[in-house]
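Rule-based calculations on the coordinates, nothing more; no lab input. Note that the structure is a prediction, hence the values are computed from the model and not measured. Heads up, the Cβs are rebuilt from the backbone with ideal geometry, glycines too, and the neighbour counts pull from every protein chain shown.
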């Protein structure tokens with residue numbers, strides 16, 4: 001996003017709690033102010049999700065619209081140059097954090113704030129990226145280390161009471177959300193029988209299922225989903241229509257086929273429950289389903305995507321593919337044709353963990369978008385679904401300008417994040433709440449120890465500042481934009 005730089009305003013702790021309130025504040029928000037009934041409160045109540053999405057769509061170029069149809073991988077340890085280039089040059093509108101980190105939450109906060117800075121007017125028309133990751137638990141937990149609880153496998157989670165699971169998942173969701181991540185590609189809603197689990201390479205072998213019957217998976221999976229969702233994470237039901245009946249892993253094996261599941265199988269019950277529970281995304285498997293569509297992997301099947309997900313489940317959210325870059329299952333198709341076949345089937349968001357495949361995918365989609373009116377109409381409907389999801393998650397609300405100025409609007413946004421009364425003044429109550437949040441002594445006096453704690457929380461180096469400086473305020477503003 002394009003911001004206007006202004007001179008630094010130095011604020012000491014005493015000034016912040018006294019004379020600061022008398023200073024003439026800047027309105028340091030950027031974005032469509034007309035969509036908000038309360039700029040200082042960061043409210044979007046005056047605008048509907050649909051109108052916010054439409055406004056974003058209308059200001060986009062065709063290339064920027066196409067970019068919203070992609071989610072590209074980047075290492076969780078830092079945004080790769082290739083991924084940054086895909087956002088800035090190819091207008092890709094979403095990223096997924098891949099690999100593993102045990103360094104904790106602060107470096108992830110720095111990464112997600114950095115991702116936010118890439119979404120300029122030229123890159124994405126100022127529309128922020130969705131930042132996603134896989135945070136299931138057990139063997140599949142990307143975010144680890146200080147600030148992230150170690151999550152047990154879904155199979156273990158499924159043995160807990162609903163009350164215990166909801167409480168734990170709410171804590172986990174808060175940790176993920178405060179790291180700046182918007183989307184959790186979880187829960188797994190696949191059902192694997194106890195007897196078949198050892199032979200089921202993608203799910204059962206790693207205890208990724210919540211239980212061994214559809215009813216248990218539906219109950220525990222939706223309990224997890226609702227609790228994580230309560231912390232403002234967009235959740236994903238995967239891998240429709242289920243990977244519980246296959247032996248091979250589509251990531252590493254070609255020709256993986258389910259010869260059991262039908263369009264009315266009980267194994268679909270958990271997915272229906274997840275949609276009813278508020279899943280924002282449904283991820284489609286890349287396995288074949290011989291009794292549903294023997295000719296196409298599910299991810300390329302209009303019967304599965306349009307017929308079952310849109311029709312049978314009446315799902316109106318975002319349909320996302322399983323990985324279409326490195327997965328062995330889809331290597332028989334060129335990168336471009338993978339993206340086109342998924343979108344032709346009715347999908348919305350192409351997931352590609354390997355950035356190297358994305359230019360060819362974007363090029364193929366852009367070419368079809370320009371040459372086919374019917375494809376363009378389908379693609380634009382998908383773009384609007386992605387933008388509506390972003391609007392619903394608050395990403396299209398007015399945003400703070402990262403200008404290093406600790407004005408009343410920034411303070412009000414900080415107060416909203418902290419859950420204290422919104423006064424626009426950095427008073428002692430706000431200071432104590434911020435001190436508690438960043439893990440230092442909550443004495444209401446902002447000094448060197450507080451600055452050091454805040455800088456550590458934001459994942460940046462400690463510069464020895466005794467009070468607020470422009471660099472730290474800018475980093476705080478960027479971080480708050482990932483939170484509000």
Given a cut-off of 18 Å, what percent of all Cα-Cα pairs of the stretch 389-484 lie beyond it? 44
When only C-alpha pairs under 8 Å and at least 6 residues apart count, what is the relative contact order of the chain, in percent? 20
Mean-position separation - Cα centroids, the stretch 140-158 and the stretch 265-298, in angstrom: 25
Checking the a/c ratio against 1.5 first, then a/b against b/c, what shape does the Cα gyration tensor give for the stretch 314-419? prolate
Over the chain, what is the percentage of antiparallel beta bridges among all DSSP beta bridges, to the nearest 5? 20
Would the stretch 235-363 count as rounded, prolate or oblate if I go by the C-alpha gyration tensor, calling it rounded below 1.5 in a/c and otherwise prolate when a/b exceeds b/c, oblate otherwise? oblate
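Counting helices only, and only those DSSP H runs with n ≥ 4, report the 222 nm mean residue ellipticity of the chain as the sum of -39,500 (n - 2.57) divided by its residues, in deg cm²/dmol to the nearest 500.
Calculated from helices alone, the mean residue ellipticity at 222 nm is -11000 deg cm²/dmol.
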If you find the alpha carbon centre of the stretch 50-102 and of the stretch 208-246, how far apart are they in angstrom? 26
For the stretch 329-402, what's the relative contact order in percent, using C-alpha pairs closer than 8 Å and at least 6 residues apart? 30
What do you get for Rg/Rh over the chain if you use C-alpha atoms and the Kirkwood form of Rh? 0.99
Kirkwood Rh for the stretch 109-184 from C-alpha pairs, in Å, is 13.8
Sorted by mean Cβ packing within 10 Å, highest first, what order do the peptides 204-210, 172-178 take? 204-210, 172-178
Inverting the mean 1/r over all pairs of different Cα atoms, compute the Kirkwood radius of the stretch 136-284 and quote it in Å. 15.2
With the 8 Å Cα cutoff and a minimum separation of six or more residues, the stretch 158-238 has a relative contact order in percent of 47
Packing-wise, with mean Cβ within 10 Å as the measure, how do 223-233, 100-110 rank, highest first? 223-233, 100-110
